[in-house]
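Asks: Have a look at this one.
Readers should treat all values here as calculations from the given coordinates under stated rules, not as data from a laboratory. Note that the coordinates shown come from a computational prediction; the quantities given were computed from them, not determined experimentally. All Cβ positions, glycine included, derive from the backbone under ideal geometry; neighbour counts span all protein chains shown.
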Amino acid sequence: MIKRMRFGSRRADTSAEEFAAAWRHAVGGAAHAPPEVRPLRIAVCTALPGIEEPRHDGIGIEWFADADHLRRYEKWLESLPPGNGPVVVAEESVMRGAEWLERRWREGGGKLKHMAVALRAETLSRAEFAERWHGHAGRVRQGIVIPDDMRGLAYLQNHPDPDRDTPYDAVNEVYFDDLEGLRARVEWFRRNPPADDLVGRWWFLAVSEELILG
């Protein structure tokens, strides 16, 4: 599955509540695209207050069947006013919790996620980083394994398209049903940062996700 993720940040003169409403409206606009270009699924994510210091206040996520489907959608977007914020186009890889994730999409509604966006270490090419990151699942560095109760209900890696410029080399998502589990993971990662020979810089986001279409 191909994903298009757009990251948004609110202006200083906009409240969190105003941003959340405007961001949902902006992301949801894709549901009105013509049927032949419309994403298969659309979700809107909004930063939860007081958990992480968010690099972005919102993420809009759109899913596409293949590269041709995405190209049709991007062509359609050219007819609209340009959107703001960095965009990552990536291939989704479900590393854990595929059955739970399928139920999540069937049932709809809202869920909680701990997300990370990262830039690779300067010593690694994009291909080298992608290979190591894929094999890195479940660990933050050599010898430090993420405890089972911090791993959430599903874990996804999003590997950016190597033929496109990208603001981030990695975007991951870990799902939770409850705020307590999400907070516990946040605190654990504060004590156990990622390996610096793999990741040069990283930022965490704690978000609520609402399924708009799908």
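Asks: Specify the residue that is nearest to the chain's Cα centre (by Cα); the eligible residues are those in the range 162-209 that are assigned to a strand (DSSP E or B), surrounded by fewer than 17 Cβ atoms within 10 Å (Cβ to Cβ) and of a type outside the set (Gly, Ala, Ser). Quick ask: steps written out before the conclusion?
Replies: Residues of the range 162-209 assigned to a strand (DSSP E or B): 170-176, 199-209.
From what is left, the residues that are surrounded by fewer than 17 Cβ atoms within 10 Å (Cβ to Cβ) are 200-201, 203, 208.
Okay, now just the ones that are also of a type outside the set (Gly, Ala, Ser), so 201, 203.
Numbers: 201: 16, 203: 12 Å.
By that ranking, first place goes to 203.
Asks: So, one more: Of the conditions (1) without any contact (Cβ under 8 Å) to a residue 12 or more places away in the chain; (2) part of a loop (DSSP other than H, G, I, E, B), residue 22 satisfies every one except a single condition; which number is it?
Replies: Going through the list (1) without any contact (Cβ under 8 Å) to a residue 12 or more places away in the chain; (2) part of a loop (DSSP other than H, G, I, E, B), residue 22 breaks only (2).
Asks: Also: What's the number of the condition residue 28 fails, among (1) small (Gly, Ala, Ser); (2) part of a loop (DSSP other than H, G, I, E, B); (3) in contact (Cβ under 8 Å) with a residue 60 or more places away in the chain?
Replies: (2)
Asks: Can I ask one more? Note down all Cβ pairs under 9 Å where the first residue falls in the range 121-147 and is under 14 Å from residue 95 (Cβ atoms), the second is assigned to a helix (DSSP H, G or I) and of a type outside the set (D, E, K, R), and they're at least six residues apart or on different chains.
Replies: Here the result reads 146/188; 146/189, each pair linking the range 121-147 to a residue that is assigned to a helix (DSSP H, G or I) and of a type outside the set (D, E, K, R).
Asks: When you go through 134, 159 one by one, which is the residue that is exposed (fewer than 14 other Cβ atoms within 10 Å of the Cβ) and touching a strand residue (DSSP E or B) at 6+ places or on another chain (Cβ under 7 Å)?
Replies: Being exposed (fewer than 14 other Cβ atoms within 10 Å of the Cβ) and touching a strand residue (DSSP E or B) at 6+ places or on another chain (Cβ under 7 Å) holds for just one of 134, 159, which is 134.
Asks: Consider residue 71 carefully, then state whether it is surrounded by fewer than 21 Cβ atoms within 10 Å (Cβ to Cβ) and free of Cβ contacts under 8 Å to residues at least 24 places away in the same chain. Break it down stepwise before answering.
Replies: Details: surrounded by fewer than 21 Cβ atoms within 10 Å (Cβ to Cβ): yes; free of Cβ contacts under 8 Å to residues at least 24 places away in the same chain: yes.
When the stated conditions are applied, residue 71 passes them.
Asks: It is to be established whether one or more residues within the range 8-21 are out of contact with any Phe, Trp or Tyr (no Cβ under 7 Å at 6 or more places or on another chain), surrounded by 17 or more Cβ atoms within 10 Å (Cβ to Cβ) and not hydroxyl-bearing (Ser, Thr, Tyr).
Replies: yes
Asks: Go through the range 35-130 and tell me which strands (runs of 3 or more DSSP E), entirely inside it, have 2 or more residues that are more than 24 Å from residue 14 (Cα to Cα) and of a type in the set (Val, Ile, Thr). Before the answer, list the steps.
Replies: Details: elements: 41-47, 58-64, 87-96, 110-120.
Passing ranges, in order: 87-96.
Asks: Quick test of your reading of the structure: residue 84 fulfils all but one of (1) crowded, with 19+ Cβ neighbours inside 10 Å; (2) more than 17 Å from residue 212 (Cβ to Cβ). Name the failing condition by number.
Replies: Going through (1) crowded, with 19+ Cβ neighbours inside 10 Å; (2) more than 17 Å from residue 212 (Cβ to Cβ) one by one, residue 84 breaks only (1).
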